[in-house]
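Since every read-out is calculated from the coordinates, none of them should be taken as a lab result. None of these values were measured; they are calculated from a predicted model. Positions of Cβ are generated from backbone atoms using ideal geometry, with glycine treated the same way; all protein chains shown enter the neighbour counts.
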Amino acid sequence: MNWGYKLVTAGALFITFILLMSFYMLGKRNGDTLVDDDYYEAGINFDRKLEARNKVMHEQMQPSIRIEKSLLLIRLKTAARYELKLLRPSDKRQDKVFTDSTTSGNLIVVPRNNLRSGLWDLELNWNSDGASYSFSKKLRL
């Protein structure tokens, strides 16, 4: 084989590599955790979320969070109905959503048996006495 064939072969292999990487990146759309699936609706509801977060600060309603070996305990100031989202930044498939009412003692009890150790984003939205509140925090379990 002379140098001409080697040059054409190297060019063809490079173009094949670029095409394969392009198809791979275009096919991998579900793995992006930086973009919301419903970003339009999230943008519309942004003001309500911001108002609920500010209300937590102004009314001193921050929940206390305690991480135990087998449980995640969150204590609210008053009884409430809540939606708790535990979001895993590294893998969207591990995200968990819990919706319920607080137990006696205004507790939210989350078992940790299905939660892998590492970094989690906690988003807690709750309604208490007709008011909406929102709280978020990064946790390391």
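Around Ser134, with a cut-off of 14 angstrom between Cβ atoms, what is the net charge of the other residues, counting Lys and Arg +1 and Asp and Glu -1? Net charge in that neighbourhood comes out at +1.
Assuming R0 = 22 Å, what is the FRET efficiency of Leu73 and Ser136, from their Cβ-Cβ distance, to the nearest 0.05? Please report the intermediate quantities before stating the final value.
Values: r = 17 Å, r/R0 = 0.79.
It comes to 0.80.
Using helices alone, what [θ] at 222 nm do you get for the chain, with -39,500 (n - 2.57) per DSSP H run of 4 or more residues, divided over all residues and rounded to the nearest 500? Before the final figure, lay out each step's value.
Details: 3 runs with 44 residues, N = 141.
Roughly -10000 deg cm²/dmol at 222 nm, from the helical runs in the chain.
Using the Cα centre of the chain as origin and beta-carbon charges of +1 (Lys, Arg) and -1 (Asp, Glu), tell me which of Ile44, Gln94, Leu115 is placed farthest towards the positive end of the dipole. It is Leu115.
Can you tell me the relative contact order of the chain? Whole percent, Cα pairs under 8 Å, sequence separation 6 or more. Present the calculation step by step, with values, prior to reporting the outcome.
Details: 179 pairs, mean separation 29.2, N = 141.
Answer for the chain is 21 percent.
The distance linking the stretch 112-141 with the stretch 60-75 is 9 Å (Cα centroid to Cα centroid, whole angstrom). Lysine pair count for the stretch 1-129 (Cα-Cα distance under 15 Å; residues 8 or more apart in sequence or on different chains): 4. For Ile74, the shell of other residues with beta-carbons less than 13 Å away shows a net charge of +2, using +1 for Lys and Arg and -1 for Asp and Glu.
Taking GluC sites (Glu not before Pro) as exposed when DSSP calls them loop (any state but H, G, I, E, B) and at most 15 other Cβ atoms lie within 10 Å, what is the longest stretch of the chain free of them, the sites themselves excluded? Longest run free of exposed loop sites: 69-141. By other beta-carbon atoms within 10 Å, ranking Lys138, Lys85 with the fewest at the front produces Lys138, Lys85.
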